[in-house]
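Heads up: the structure comes next, in structure tokens.
The values are calculated or read from the model by the stated rules, or taken from the named source; none is laboratory data. Please read all numbers here as calculations on a predicted model, not as lab measurements. When we count neighbours, we look across all protein chains shown, and the Cβ atoms used for this are built from the backbone with ideal geometry, even at glycine. Note: accessible area is taken over every heavy atom of the protein model, side chains too, but ligands, DNA and RNA are not part of it. Shrake-Rupley method; radii C 1.70, N 1.55, O 1.52, S 1.80 Å.
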Amino acid sequence: SGDPKVIMSGASIEDTRTEVSGTTRYYFDRGNVGLNYTHSDEDDYTSNAGAVDGAFNSEDGLTTYSAALSYSDDDIHPTQGSVPTNTLGASKNVTSAWMGVSRIISKRALVRFGLSYTYRDGFLTDPYKYRDNRPDEREEWTVSGGYRYFFDNQNAALHVDYRYFDDDWDVASHTVDVAWLQNLEHGFQVTPFLRYYSQHEADFFSNLYDAQSRYFADDYRLSAFGAFSYGLRA
């Protein structure tokens, strides 16, 4: 009748995932460097990932420079259900690089900035979504910044963070996090927080299938979206 419908593949709703991970880290006078390898296996997905990261402090100890590089090689082998999946087997690779700097600007305050780039290549389509068809490449960029300030009289700290995300699928998002970390007696701490998130939809996202479009996805994670979140951690 022309109404939009969600068509499921009928794949199993049960899964078992096993992960093995190993990390080693070397510390020197003004920094450290680490190496990590992770193998993850589940019923329809296998991933092998490696990462290296490091941090270096300035001579005066007030500035820390950090960087990380990671790579994963993933294999997708969907569970077959009552409706055939859009692939019987495929693979994808993800390469990501990040660098950041933090600076102590007083005995009560510090600022930090970060920049990252991620490149995804291979089968990026959701195998369990009917007619889902996405580009086989995706480039992502993020820029982030943060501010910390400790209040002596209140024995508490203010945390403010901002993150901007952009990619070549036309998804762009803004994230603002504000938190108040209140120290209490006997080692307890309570943290009220507020988070704002806003996202622009991917250029091929739609609730209605268009046979003329080269790419299509009705995945809500690629839709326009906005939310306020708030809560209290203890």
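Structure data summary
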{"quantity": "Surface share of carbon and sulfur [accessible, 1.4 angstrom probe, percent] for the chain", "calculated": "55 percent"}
{"quantity": "Share, in percent, of DSSP beta bridges within the stretch 164-229 that are antiparallel, nearest 5", "calculated": "95 percent"}
{"quantity": "Range in the chain, longest, excluding exposed GluC sites (Glu not before Pro) [loop by DSSP; at most 13 other beta-carbon atoms within 10 Å]", "calculated": "60-234"}
{"quantity": "Spherically averaged projected area in nm², based on the convex hull that wraps the Cα atoms of the stretch 78-131", "calculated": "6.4 nm²"}
{"quantity": "Simple spin-label estimate for Ala211 and Asp73 in nanometres, 7 Å along Cα-Cβ", "calculated": "4.1 nm"}
{"quantity": "Residue-span extension gain [His159 to Lys5] - 0.36 nm each, minus C-alpha spacing", "calculated": "51.2 nm"}
{"quantity": "Label zone at Asp203, where the point sits 7 Å out along the Cα-to-Cβ direction: the stretch 109-136 residues whose backbone N lies under 13 Å", "calculated": "135"}
{"quantity": "Alpha-carbon gyration tensor eigenvalues x 5, square-rooted, for the chain, Å", "calculated": "39, 24, 18"}
{"quantity": "Computed P(r) (all Cα pairs; the stretch 1-112; 10 Å bins; percent)", "calculated": "12, 26, 22, 18, 13, 8, 1, 0"}
{"quantity": "Solvent exposure of the chain as accessible area per residue, Å², 1.4 Å probe", "calculated": "64 Å²"}
{"quantity": "Low-density loop positions, trypsin sites (Lys or Arg not before Pro), the stretch 155-234 - DSSP coil, at most 13 other Cβ in 10 Å", "calculated": "Arg214"}
{"quantity": "Theoretical gain in end-to-end length, Ser21 to Asp43 [0.36 nm per residue, Cα-Cα removed]", "calculated": "6.1 nm"}
{"quantity": "Gain upon complete extension [Gln189, Thr87; 0.36 nm per residue less C-alpha separation]", "calculated": "31.8 nm"}
{"quantity": "Calculated from backbone phi, Karplus (6.51, -1.76, 1.60) coupling profile of the stretch 51-68 in Hz, x at Gly/Pro", "calculated": "8, 10, 9, x, 9, 9, 9, 5, 4, 7, x, 9, 10, 10, 9, 10, 7, 8"}
{"quantity": "Rg to Rh quotient for the stretch 177-234, alpha carbon positions, Kirkwood Rh", "calculated": "1.35"}
{"quantity": "Extreme residue, positive dipole direction of the stretch 73-130, given options Ala97, Phe123, His77 (C-beta unit charges)", "calculated": "Ala97"}
{"quantity": "Equivalent ellipsoid, the stretch 96-212 (semi-axes from 5 times Cα gyration tensor eigenvalues, Å)", "calculated": "40, 17, 12"}
